[in-house]
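A short worksheet on the structure shown next.
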Amino acid sequence: MCGIVGYIGNRKATPILINGLLKLEYRGYDSAGIATLEDEDITIIRNKGRVKELKKSKDLDKAQGTIGIAHTRWATHGKPSVVNAHPHIDCHKNFAVVHNGIIENHIELKKFLTDAGYTFVSETDTEVIPNLIDYYYSKEEESNDRLLKAVYRATQDLKGSYALAIISKIEKDTMIIARKDSPLVVGDGEGEKFVASDIPAILEYTNKIFILNDGDLVKITRDNITFFDEDFEKVQRKAEIIEWSSKSTDKGEYESYMLKEIYEQPNAIRETIGTRIVQNDKCDFSDINITKEFLESVSHIYIVACGTAMHAGVAVKPIIERLTNISVEVDIASEFRYRKPIVGDDTLIICISQSGETADTIAALKYAKKKGAKSIAITNVMGSSITREADFTLYTHAGPEVAVASTKAYTSQITLLTLLAIHFAEVLENEDKEIIDNLKNELTEIPSKVSIVLENSEKIKEFAKRVYKEKDLFFIGRGIDYAAAMEASLKLKEISYIHSEAYQSGELKHGPIALIEDDVTVVGIITDRRLVNKSISNLQEVATRGAKILIVTDQGIDEKIFENIVKIPKIHPFLSPILSIIPLQLLAYYISKEKGLDADKPRNLAKSVTVE
Ligand code: F6R
């Protein structure tokens, strides 16, 4: 959702801002704009639609300044339009602001400012911010930090969440940024500084990055970055040196980010395993301190997440239960705190979030912490908000995931959570050495098995051509195959806009089979050896009612009975979703492609859902 970029230096800001916005496109947006500081005034150029259209705008010639801010907007308050697009400027045209988040008390603030003589042109919550800054600026004494102080006073009035970048035509060599519950980073270059919602937007210019803490207010000049904490005390923050190359955020030879990320899965899994599996020894989780005493005291584990990350939780629940003997419940983050779950100091909450910024997941984590739970965050983004809330953080090392539809993060999350389950078992001195050793061996083999599946995509491409015009698809599976079916169904919906449902195969007869008629497509996932015959019977029941069937399996299923079978390498049943999802990610992708859609940027979706 909304992306922010900022630049202050000696180069022309516009190309850097536009380039940064293009790198943030994955977050999802419906309008875009930039503001640069010229000799006398602030130039603002905005449009509805894509950044590439903004890039073509002739008006950009007017934006020559070396200081600027830019934004991609995902509409919340007010429809997507030029007037609602950011940057916004106060009615005296002094301060331009870009904002990510929601100002919950904007109606009261607007009333206050209107009474004070301020006027508004947009329907946004954001427009109160530059006006509030102008109001406080007029109340501040002349000083070197007058703008900084005005922004601080304005942020004290804001309720809700924000990442802000502000430039002013009065203090020409300064940019102020601030964050509360929305991500923001500053990149440190020689005589120039970069601001962004996310590291990939500025990585090509610098890898020395400061990740803002919640409540931080930062004064940026060409040569200095000065941090103030939530109490407006000057503080030191430590820069991270980011090791991703800026190439990892390019499409490279691939036609889309999503395809690239699907094909990156062997490496993402390998990197996530890293050095955790130690030959003839316990897994290395020295980065977290989970003791035997603590695990013995845990009566309940909650896995809480949204969307694909939640599906990764569903996939690992059986492994964790089997290896720890502790019951695991998987919850949708947006529901968790409202259902008032039983949480206490005997609870462990594991929150999974690729971005580490998902508002609902963070809110669930805060709720559980308040009730005394211990927490582990699983995320792919270094320093993301969730890492600041959780007691312990574990990183998937999938590399930047740019496509909106999550692929490599999902398989990396299952990998990491399986390793964590093994770690728990080892801490608990679980006697079941055979299964632990088996899982470790299988995990090390998984990257090459994923590569095998990826090399055999022809059947999937063919099948996509046959079914892309359909209106409904069903994905069915039993046990852990149902977990993969849920994720396959989500992938298809997101990028092909085809309605689909996931069902436990055995549940069909209890209602959904009424929907099966000639030519409806049913995709069956069969990897659980114990349930092969039952799953086949379920598929035969739908086949006799006219359904077209595709089966993804590692089992020996008779090709005379079912014509479309995609074979995947044999795999430990606990790990099967890592393999069975791959052809189905590709199916969703190729269906979307056949339909001529942009799989990287599905309509209405944002990569990072920072509002509830
Ligand atoms: C699906 C997808 C979403 C995310 C969900 C959670 O492809 O990407 O369902 O999985 O929005 O996002 P994170 O993992 O960033 O918390």
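Just a few scattered comments:
- Among 198-209, 316-327, the order from most to least packed when residues are scored by Cβ within 10 Å on average: 198-209, 316-327
- Quick note on the chain: its Rg to Rh ratio, both from C-alpha atoms and Rh being the Kirkwood radius, is 1.00.
- Within the shell defined by Cβ-Cβ distances under 15 Å, the residues around S327 carry a net charge of -3, with Lys and Arg each +1 and Asp and Glu each -1.
- Over the stretch 1-136, Cα pairs under 8 Å with separation of 6+ residues give a relative contact order of 26 percent.
- Between R11 and E507, full extension at 0.36 nm per residue minus the direct alpha carbon distance yields a gain of 172.4 nm.
- For C306, C2, C91, C351, order by how many other beta-carbon atoms lie within 10 Å, fewest first: C91, C306, C2, C351
- Paramagnetic label zone (point 7 Å from Cα along Cα-to-C-beta, Y254; backbone N under 20 Å) in the stretch 415-456: 415-416, 446-456
- In this simple spin-label model, placing a label point 7 Å from the Cα along the Cα-to-Cβ direction at both K172 and N441 gives a separation of 7.2 nm.
- Distance in nm between pseudo-label sites at I561 and N213 (7 Å out along the Cβ direction from Cα): 6.2 nm
- Calculated FRET value between Y338 and K461, using beta carbons and R₀ = 41 Å, to 0.05: 0.45
- Normalising the average separation of contacting C-alpha pairs (under 8 angstrom, six or more residues apart) by the number of residues puts the relative contact order of the stretch 257-454 at 31 percent.
- The Rg/Rh ratio of the stretch 257-454, with Rg taken over Cα atoms and Rh as the Kirkwood radius over Cα pairs, comes to 0.95.
- Taking amide H as placed 1.01 Å from N in the peptide plane, the amide H of I326 sits under 5 Å from none that are at least 5 places away or on another chain.
- Over the chain, Cα pairs under 8 Å with separation of 6+ residues give a relative contact order of 12 percent.
- Tail weight of P(r) past 12 Å, computed on alpha-carbon pairs of the stretch 104-153, percent: 61 percent
- Shape call, the stretch 208-334: gyration tensor on alpha carbons, a/c limit 1.5: oblate
- Percent of alpha-carbon pairs separated by more than 23 Å within the stretch 3-249: 43 percent
- The chain: calculated mean residue ellipticity at 222 nm from DSSP helix runs of at least 4, using -39500 (n - 2.57): -11000 deg cm²/dmol
- Viscosity 1.567 mPa s, temperature 4 °C, Stokes-Einstein D of the stretch 269-374 from Kirkwood C-alpha radius, µm²/s: 88 µm²/s
- The local environment of N430, defined by Cβ-Cβ distances under 14 Å, has a net charge of -3 under the rule Lys, Arg +1 and Asp, Glu -1.
- I342, I414, I362, I557 arranged by Cβ crowding within 10 Å, fewest neighbours leading: I342, I557, I362, I414
- Cβ-based net charge around R276, under 13 Å, with every Lys or Arg adding one and every Asp or Glu removing one: -2
- Global form of the stretch 1-135, assessed from the alpha-carbon gyration tensor, a/c cut-off 1.5: oblate
- Ranked R46, R339, criterion: other C-beta atoms within 10 Å, fewest first: R339, R46
- Evaluated at q = 0.15, 0.21, 0.22 Å⁻¹: base-10 log I(q)/I(0), Debye formula over Cα of the stretch 51-111: -0.58, -1.09, -1.17
Only the coordinates and a few stated rules stand behind these numbers; no lab work does. Quick caveat, the model's predicted, so the values are computed rather than measured. Note that we place each Cβ from the backbone using ideal geometry, even for glycine, and neighbour counts take in every protein chain shown.
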